[in-house]
Amino acid sequence: MYRILIVEDDDVIAASVAAHLEAWGMETARPRDLRRVLDEFLEWKPHLVLMDVGLPFFDGYHWCREIRKASKVPVIFISSADDNMNIIMAMSMGGDDFVTKPFSLEVLTAKVRALLRRTYDFGGPAQTLEHKGAVLDLDAGSLYADGKRVELTKNEYRILKTLMENKGKTVSREALMNRLWETDSYVDDNTLTVNMTRLRKKLAEAGFPGFITTKKGIGYLIERE
């Protein structure tokens, strides 16, 4: 699980950002004392820092310089000032990206996820499966719809993962039952039907009705877009 340090003195903004990132399976924290940002950074060892520019005591540029003396962890600056001088200053201080207030939580999260992938997963296999806006996080074993987490059981996750991995191909009921046996739970034809029904209901409630197509007498299919 990626750890994100949110260095922001506005409680409302910090709480909103934290809630959105946590919905995507990340762990967040804020410095307890904005006079000791570097100490808390070294103590918590985050994978990425969201750094507000306008902080009390010392500004975000100061703390980025201090962090850069000890770490190459990516830093995204957040500021209400979007003039070129501030952006140039942020980049020259060691920042990796710049987001202007007010910002979209979806855009900020996309930038965070992209920077994490470039930093820690470059060249590795894809860690998510996506279809029509539904995102299956393979690391967390979770489904996200519009940034909101949809709770899945282990069996529901395995069914959805198998179907998304084989998008455009019909997967037989036998193949799905064999996959579910990997959970060490008893699976028969009725168990698969019950799990499929529950999964479809959760997908529909999340805004994805008809996400899984039944091929009568054969199996199930997620159609290609």
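Values quoted throughout were computed directly from the atomic coordinates according to the rules given, and no laboratory measurement underlies them. This one's a predicted model, so the numbers in the text were calculated from it and none came from an experiment. When we count neighbours, we look across all protein chains shown, and the Cβ atoms used for this are built from the backbone with ideal geometry, even at glycine.
Side notes on the structure shown:
- Label-point separation, Glu205 to Ala110 (7 Å along Cα→Cβ), nm: 2.8 nm
- Per-residue [θ]222 nm for the chain (sum of -39500 (n - 2.57) over DSSP H runs n ≥ 4, rounded to 500): -12500 deg cm²/dmol
- Stokes-Einstein diffusion for the stretch 1-62 at 4 °C, viscosity 1.567 mPa s, with a Kirkwood radius from C-alpha pairs, works out to 110 µm²/s.
- Three semi-axes describe the equivalent ellipsoid of the chain; taken as square roots of 5 times the Cα gyration tensor eigenvalues and ordered largest first, they are 43, 16, 15 Å.
- Backbone HN-Hα couplings from phi across the stretch 86-99 [Karplus 6.51/-1.76/1.60, Hz, Gly and Pro as x]: 5, 5, 4, 4, 4, 5, 6, 7, x, x, 9, 7, 9, 10
- Highest-MSF residue in the chain out of Asn178, Asn155, Asn190 [GNM, Cα springs under 10 Å]: Asn190
- Separation in nanometres of the label points that stand 7 Å from Cα toward Cβ, at Arg36 and Val194: 5.2 nm
- For the stretch 128-221, the fraction of C-alpha pairs more than 21 angstrom apart is 25%.
- With the simple model of a label 7 Å out from the Cα in the direction of the Cβ, Asp10 to Ser71 spans 2.4 nm.
- Surface/4 of the Cα convex hull for the stretch 3-120, nm²: 6.5 nm²
- Given Lys132/Lys161; Lys45/Lys132; Lys167/Lys215, the pairs whose alpha carbons are separated by over 24 Å: Lys45/Lys132
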